[in-house]
Every structure is written in structure tokens, then in C-alpha cells.
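Taking it in order: structure first as C-alpha cells, then the write-up.
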Amino acid sequence: MDAFLFIPCLVAHVMPQVGEATARVLARAGVTPRLPDGQTCCGQFAYKRGLPEAVRPLARRFVEIFEDAPAVVGPSGSCVAMVRRYPELFDADDPFRRRAGRVAAKTYELGEYLVDVLGCPDLGARLPLRATLHASCQTTRVLGVGGHTERLLAGVADLILTPLPHPERCCGFGGGFSVDYPELSQAILDKKIEDILAADVAAVIAAEPSCLLNIGSALARRGAAVRTLHLAEVLAGEAA
Amino acid sequence: MSAAKHDFAKAAAKALDDRESRAILDRAIFHIDVLRQRSVKAMPDFAERRARAVAVREKTLARLPELLETLEARVTAAGGRVHYAEDAAQAAATVTDILTAAGAKLVVKGKSMVSEEIGLNDALAAAGIEAVETDLGEYIIQLAGQRPSHILAPALHVSKEQVSALFQEKLGRTSADIPEMTRIARDSLREKFLAADAGITGCNIAVARTGTVTVLENEGNIRFSASCPPVHVALMTLEKVVETLADAAAILDILPPSATGQTLPVHLSFFTGARRDGERDGPREMHLVVVDNGRSAVLADPVLRDILRCIRCGACLNVCPVYQAVGGHAYGSVYPGPMGSVLSSVLAGGEGDPRQPFACTHCAACAGACPAGIDHPALLQELRRRLAATEPDPAARAFAALARHPWLFDGLAAVARTVDPRLTKTAALAPDSPVGRFLRGRRFPGLARPFARRFRKMGQGGKS
Amino acid sequence: MNACAKMAILGRLRAAVEGVGPAGFPRPAPAQGLRRAGAGAADFAVFAGALTALGPTFELARTPDEARAAVAGAVARHEVRTAVAWDHPDLAAVGAVAVIEGAGASVLSPDDLPGRACPSLAAVDMGITGVAYALGATGSLILTAGPSMPRSAALVPRLHLALVARSRLLPDLPALCDRLAGGPMPSAVNCVTGVSSTGDIEFVYVRGVHGPLAVHVIGLDWL
Ligand code: SF4
């Protein structure tokens, strides 16, 4: 069985290790990862700036790139959520609306794919680590697959999870929000960082690269000894 | 409603600097949301209750004109009078005229956000009418000369020390003890209740079929305001009407749990018209003022109209990370938080920052908590779209344009990776560019050799 | 009233609901029945449990004599010297007014009240009322206003004593709405659940804000 990798631009150019881990996890689950050419950005940034018309060409590209895929799997809840919104970018009589609908229906967030499509296979993941989970907004509330992330993490041997007091509280990134309102974004992020530091863990896990970038860059700035790990990296057991 | 538009970013930055208020805010909001979550969890049928309430709101909005006419007929039959007001100024003038005609000098007020919306207190003061807020939180806010910071808990941001000092200054009596301070407020407000010439209240739900004004509260001040003075003026915005008592019950099923974590508030009152023949108390005159202020126009908007489902429970404020961080005042509008970000954008008068819809992380906590099934992120997204149509936003447009050409996109990433991998130079050169703003307080991990090249080396899976 | 405002507003609303486009009214949603009244028979044990959790106190009287003793006890305990009483059949069934007077307190009847009743009750210690209904699930007292049942009796005095006949118990709020819909609405229906309270200063819960500081309920088991 094949699955096409949907690699968000942030993963492609800033955290390629997340992409590698995604490919490895899929391979471990018996799925052959394929990487189609020409992927760039799903358009989420422009979309949330209120520019759906700027996203439309990107949606068309995405549909053309992934139309023949048996399944599309991406390690980002927010980018998958963007793809799910593609159909509504097109008018009812635009053939792209139906095409986008078909692609959206077979596009999955990694955890969602592993649990819903593959039936939560035993990945043999092992990671001796004390960590905590940041349940990112886009994965939990928007896609509704927060439970999938938790289920997969529960299957990782030697991983000790300490819950955050407010695991689902936003980390304050919000794409353009962090640029428009830097102080506010920082203030929200600070609360998240305080929660993480109080949990006394070696790593914070999330299924969303943008949260990891946001949280990680604040931890780095503070010189905190807490790493950020994507769900895929944990499942790939790479951090050992 | 000054000419210069409110700047949320500036106000938010200022609020963030006020550490003391932030600490109080944090505790208070956390507390109120814990109560909500606990009570919602304790109701095994909450999802059904929510679906029922949403259905009631929807069918009601679809029949608003007809229901308002029925309401008017029933209120009139019960000895009340109904007035319509197009906007804030007209609403305030209507109330002022009613009170002036009744010769009212002292007015007691129950908590009402509509009253804030129409700037009623200023209008009454200008007419020489003394208006006393009687909800404890509103009373504190009025004594302090402030505005509410939360639609349900207006004095959420005030510490007990501040209240204590305020009471000393304004009432000449105080205490450090919260129950004792409450007693002081009770005593001084009781004089007002008993002497007032009129009472003004809001209206949580109006029942068309019976002509009934329904109000919810815990303190009893609304019950006093509507029962003791000879004149009762109730303010409602036009979407607050439902058809039947059973419809009202469907909303009452979800409102108190979402608002305060209660099954029912202490006082749930149904007022129908004025005092009847032979009755010994109750208002001799009852007026219901129906305020539009932009809402009828929203009803015609296929996307934004959902905000008219709102039942003012405040849950979306309590779960919003932005509201949690800065509190209500930073919004510069009567209604803060997610519901306020939508409502302020569509109400006549246009208070607040027009770019407020952008001050949202799209975390969707509001939609998850909203008992009226409002998808705030979707509404804010629509408002962003309309705002963006009038703004250049070169950065976002350029980025999107770039993403249409993979060779350019990847090529530029490669250039950046060699020239300024951690984007520190860019940030230093252009501190106010998107990159510079993002990197305030953050350290960028750096651009890396792209995934596509690494993947080809991994030796598993090939190009498709 | 401003007829122009009314016409303009209703006109816009009509245009909005009648101008059905692709997103016409109402939004498609599954049909929803209303929540039916609880089926469980409402009894005093359930009612008292909910009631007393919220601050009021409760006593069950199995006979008129027990009820009279309970009323006299409340008058003594709360040092009641003046009271106002509703003219209500459940009070009559107990002979409550005579009991209060027998305990040494003077009792005002609704007919004694002046045109502005509230100020005249400011110094009265107790208001004694019956109820139209009581809700088992929430411990709520349903007070309806009427010529012999002034609203202020249960609002202004520091103590509210309510006599609740067993036949007046309803399971819950939907049941109440059913009952209320069956007849004309009184000028005021107050559903009182507990003792007035506030949390407006730092969310510290304080009982006894504007209404009575104490609420005592006597259940009349035989009625
Ligand atoms: S929008 Fe929803 S959550 Fe917010 S106040 Fe209104 S009903 Fe409550």
C-alpha cells in the first residue's frame, strides 16, 4: 500500500526531520511513502489573512499533485485542516470543487491515518523519556483527532507522559497573529512555556509543526533544557 | 465612539504590562471556566440540550418579525408598552423620555449589556436622572468610573483590596472581608431600591406567546428593580425573542451551566406586563424597549447572522487565549472576546478596533465552548476576508504567489539558508517585518536542507 | 412609540427572512423535540436535598400540628416580631397567621399594604408565603404574584418562610413551563433557587445579597 506524503513548507525547510520520521513511521506500518514533486505551501497563511482568492491557485496545484494518490498523509493538523477547506474555495459549478472534495476526503493527519485507516498498528516504538503533550488546537478541536494522538503515544514503550495543567490551551502562534500582535502572542506563549517548565519534563510533544516551532523557539530563547518532538519523531523512536 | 479608531494592539500591550490585573484576571477566568466545565460534564445530555437550544435559536431567527409582533401584542395586552429603537441614540432617548414622562429622578438598574451598548447612563445623567447600578460588579464598576470587562462578571478585573479602598472613598464604610463588603453594598443599595422611581433591567429571553420578559440573576437586584419601583423599563435586543415558554426552557437548559456552572440561577424571573388590578405591588407602568442597532441588517447576512444566536453566556470569553491574556477593556468595545470580536464588527456605531477579527489565533476554543453552536473562527474568517479585500497585505500575497512556483519557492529558501539561515540578519535589518516581529522573544531554529533532498537519500519509497 | 422605527426594523427583518437565497432560513439541522419533563415522581427527599445544598433550610411536617410547630419554631428561632403573610390556601390549611400571632409576632396582611409596598416592608422580619409549585430536581420555589400574594413579601423581609404542599411538587423546569403555558401568565413568576448570592468580588461566593438573608421551607406532607 502506498501513501503520498504531504509535507508542509515548514517541515520541508525548517524541520525536515519531522518529514523523515513521518516517512519512517509509515514504512514501519507497512505503507510505502511516496513524495510527489512540486509541493510548496498549502496556503493556510494567506487564508487566515483573509485572502482565500490567493489560496485558490495553491488549492488547484494541490489537487493536481495529489489527485491520483491512494491516500495523502501529512504531519500537520493545521495544514490538513486547510486542505479540508479547499472545496469551499470553489464555486458550486466549478469542477475543482468536486475534485478538491475528493482529495480532501483522502487527506489525513498522520495520527488520524494511523488510527482510523490503519487501525492503530503496533509500531514497536520505544522512547525512554519523560515528556508532556501539547494538544494543539488544530489537531484537537479543529480536526477532532486529539484522541488519536493520545492513543498512539500511549503505545510508545518507556515514554512517561506528564500531563500539562491545560494541555489544550493555545500556544499563541496563530500564523499571522504572531506577526500582527507579537507581544500578545508572546504573552500567550509564555503561559504555555511556564506550564511546560513546571511539568519538569525533558521534551514536549505535539502533532503540529507550527506549535513546535513556536514553543521550541521560545524554549531556545530561554535556554531551557526541554526539546520539542513531533508525534512522528516519537513514533519513529528516533529520539532515543 | 470617538473618531479615532481604537487600536487593540496598543491597548493589549498596555494591558499586558499591568501585571497585577493580569494575575487577578487569570485566577478569575480560570475559576469561572472550571465551574462551567464541571457543570457541563455533570450533564450527560448536554450535547442534546445544546442541539435543542441551537434549533430553537435558528427557528426563532427565521421568524423574528412575526414573533416581535406577537410579543408586542401580548405585552400590550398585559398592560405593558413596547417601543422600538433603531440605534443606540434612539434607544437611550426612548428610555430617557419614558423616565422623564414618569417624573423619575432616581433609577435603579439591573445588569444589562444593552444598557452599556446604548450608552444609557450618560444619557440619563444628561437628563438629570440619577441611575444606580445594582449588580454588585456593576456597582463597583460605576463607583470606580470604569466600564465592565466581562459580559457576565463586569468587575472580574478588580481586586478585593481595590474594592475595599473604593468603598472607603465613595461610601465612607469599608472592610477587608468580602462578605462584609457585600453587606455594605447591600445596605447602601437597599436604600436606593426602596426609594427608586423606576427600575431598568435587561431581558435574557422574551417569550412572544405570553408577552413575558425573562431575566436570570443570582443577587436579586433585578428582581428588586422590576418589583419595587412604580415603573419598570426592560431593554432587549431584537433577537432575544422566542416563541413559547417551552422554547425558553430549551435555552434555560444551557444558559446557566455555560454561564456560571449552575443548573438554575438563584433568581429566574418571568415578568409579564404591569401590575394587575388588585395587586399590591409590582410596577404600575411597564415598558419594553426593543433595540436594533444594526442587528436587523446582520440577519440578512448569510454568514455573520449566526452571531444572533448568542445567548450572552460568556463561555467564549473565558476560554479565549486572547481574552485571558488582556481582559475585556483592551477591546475598547462593549462586547469583548470572541463574541464581541464578531458583534462589534457588525453593530451600528462601530466601536472597537476594525481589525479586531485578526486578533485571534484560530484556536477554536470559543466554538467548542459555545452552547449556541456559533463557529466564531468561521465568522471571524469571513470578517477577515471582507477586511482583507480593502488592504494590500503585500507579505501574505507575495508568499502565496511564490508558493505557486516550486522552483522559486525552494530557490528562495535555499538562498535564505545560505545567507541568513536563522533569519537573525533579516530580523535585525527589518525589525518590523513579519520575520522581525515573530522573532521578538523567539529563537528561530534555522532553515535546513530541504526534506525532498533528504527523502531521496533515505532509500525508501521513490519518486512517484 | 416610534412607529417609524418599528416599521423600518420589521421591514428589514422581513426582507432578511423572506429573501431566501442559497443560505436561506433556517439552517438545515436535524429536528429537535423539546426536553420532556422528568418522569420521576417529585418527592420531598429529592426536593429537600437540592434545596438545602443551596443554603435554605427544610423541615418536613407530616400533620397540620407538626406544621404549626414548625412555623412557631421558625418565628422563635429567627426572633421574628413582625411578619407579612400571603393570603394563600396552604397557609390557611395550617392556620399559619394564628400561629405566628400566637408566638407573639404581629402579622400584616396584603390588604394592609400601601400603594408602594416595598418601603413599608423594609423593617418587617419575615415574609411567609405558599408556592404555586416547587421543582424537585433543582429545589426551586415558584412564586406567582397576585392580589393577595404581593411579590415583595418574599423579597424585602430578611427571612422568607415558604410552605410547600406536597401536591405542588413538579419534577423540573420543563414541567413548570408546561404548567405555565396552560393558563394566563401572572404578572410575575419568580423561580427562586437557593438564597441570593454573588461572586462579584474575586469570585468569592457570598450568600445573602439583596433578597432575604435566610430562606426556610416547610414541606406539608399531607396536602
Ligand atoms: S457566542 Fe456562544 S459562548 Fe459566546 S457568549 Fe454567546 S452563546 Fe456564549
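The values are calculated or read from the model by the stated rules, or taken from the named source; none is laboratory data. For clarity, every value in this text was computed on a predicted model and none was experimentally measured. Every residue, glycine among them, receives a Cβ derived from its backbone with ideal geometry; neighbour counts consider all protein chains shown. With ligands, DNA and RNA removed, areas are computed over all heavy atoms of the protein, side chains included. Shrake-Rupley method; radii C 1.70, N 1.55, O 1.52, S 1.80 Å.
Structural remarks
- Accessible surface buried upon A-B contact (total; probe 1.4 Å; Å², nearest 100): 5700 Å²
- Cysteines having no other Cys beta carbon under 4.7 Å from their own, within chain B: B:Cys203, B:Cys310, B:Cys313, B:Cys320, B:Cys360, B:Cys370
- Average Cα contact separation per residue, chain A, under 8 Å, 6 or more apart, as relative contact order %: 21 percent
- Relative contact order of the range A:2-116, pairs being alpha-carbon contacts under 8 Å that are 6 or more residues apart, as %: 29 percent
- Cα extents of chain A along the three principal axes, largest first (Å): 54, 44, 27
- Solvent-accessible heavy-atom area per residue, rounded to whole Å², over chain B at 1.4 Å: 35 Å²
- Under 14 Å, Cβ to Cβ, from C:Thr193 - net charge with Lys/Arg +1 and Asp/Glu -1: -1
- Relative to the longest principal axis of the Cα atoms of chain B, the long axis of helix B:160-171 lies at roughly 40 degrees.
- Share antiparallel - DSSP beta bridges, the protein assembly as shown, percent rounded to 5: 25 percent
- Per-pair calculated FRET efficiency, R0 = 25 Å: B:Glu180 and B:Asp18 via Cβ, rounded to 0.05: 0.35
- Kirkwood Rh, Cα atoms: Rg over Rh of the range C:41-180: 0.96
- Compared with the dominant principal axis of the Cα atoms in chain B, helix B:8-17 is inclined by about 90°.
- Average Cα contact separation per residue, chain B, under 8 Å, 6 or more apart, as relative contact order %: 20 percent
- Helical contribution to [θ] at 222 nm, DSSP H n ≥ 4, -39,500 (n - 2.57), averaged over chain C, rounded to 500: -8500 deg cm²/dmol
- Equivalent ellipsoid, the range A:122-235 (semi-axes from 5 times Cα gyration tensor eigenvalues, Å): 23, 16, 11
- Normalised convex hull volume, the range B:345-464, alpha-carbon set, Å³ per residue: 204 Å³
- With all pairs of different C-alpha atoms in the average, the Kirkwood value for the hydrodynamic radius of the range A:52-161 is 15.3 Å.
- Mean projected area (nm²) of the alpha-carbon convex hull when the range B:216-298 is viewed from all directions: 6.8 nm²
- Gyration tensor (Cα) of the range B:394-458, equivalent ellipsoid semi-axes in angstrom: 23, 17, 9
- Within 10 Å of each Cβ in B:176-188, the average number of Cβ atoms from other chains: 4
- Spin-label model distance (nm) - B:Glu191 vs A:Arg126, 7 Å beyond Cα toward Cβ: 7.9 nm
- In terms of its alpha-carbon gyration tensor, the range B:43-293 comes out oblate; a/c meets the 1.5 threshold, while b/c is at least as large as a/b.
- Projecting the Cα atoms of A:Leu51, A:His134, A:Val204 onto the charge dipole of chain A, computed from C-beta unit charges around the Cα centre, puts A:Leu51 farthest toward the positive end.
- Heavy-atom accessible area, probed at 1.4 angstrom with all protein chains present, ranks C:Trp86, C:Trp222, B:Trp407 as B:Trp407, C:Trp222, C:Trp86, highest first.
- Only Lys, Arg (+1) and Asp, Glu (-1) charged, at Cβ; the protein assembly as shown dipole about Cα centre in debye: 2760 debye
- Remark: accessible area buried at the C-B interface is about 7300 Å², both chains counted, probe radius 1.4 Å.
- Rounded FRET efficiency, nearest 0.05, which uses the C-beta distance separating B:Glu66 from C:Ala45 and R0 of 56 Å: 0.80
- Shielding score for B:60-71, defined as the mean number of other chain Cβ atoms within 10 Å: 4
- Based on the Stokes-Einstein relation at 37 °C and a viscosity of 0.692 mPa s, and on the Kirkwood radius from alpha carbon pairs, the range C:119-211 is assigned a translational diffusion coefficient of 228 µm²/s.
- Per residue, the range C:39-220 exposes an accessible area of 33 Å² to a 1.4 Å probe, with every protein chain left in place.
- For the protein assembly as shown, the Kirkwood radius over C-alpha pairs fed into Stokes-Einstein at 4 °C and 1.567 mPa s yields D = 43 µm² per second.
- Chain B, Cα convex hull volume normalised per residue, Å³: 190 Å³
- Ratio of Rg to Rh for the range A:2-116: 0.96 [Cα atoms; Kirkwood radius as inverse mean 1/r over pairs].
- Distance (nanometres) between label positions extended 7 Å along Cα→Cβ at B:Glu169 and C:Thr52: 4.6 nm
- Inter-probe distance in nm under a simple model that places probes 7 Å from Cα toward Cβ, at C:Thr63 and C:Ala93: 1.7 nm
- Span-rule helices in chain C, defined as complete DSSP H runs reaching 20 Å or more along the axis (Cα) with Kyte mean at least -0.5: C:3-18
- Share of carbon and sulfur in the accessible heavy-atom surface of the range A:31-181 [1.4 Å probe, %]: 48 percent
- Between B:Lys105 and C:Ala76, the C-beta separation translates, for a Förster distance of 41 Å, into a calculated FRET efficiency of about 0.45.
- Average other protein chain Cβ within 10 Å of Cβ, residues A:185-192: 6
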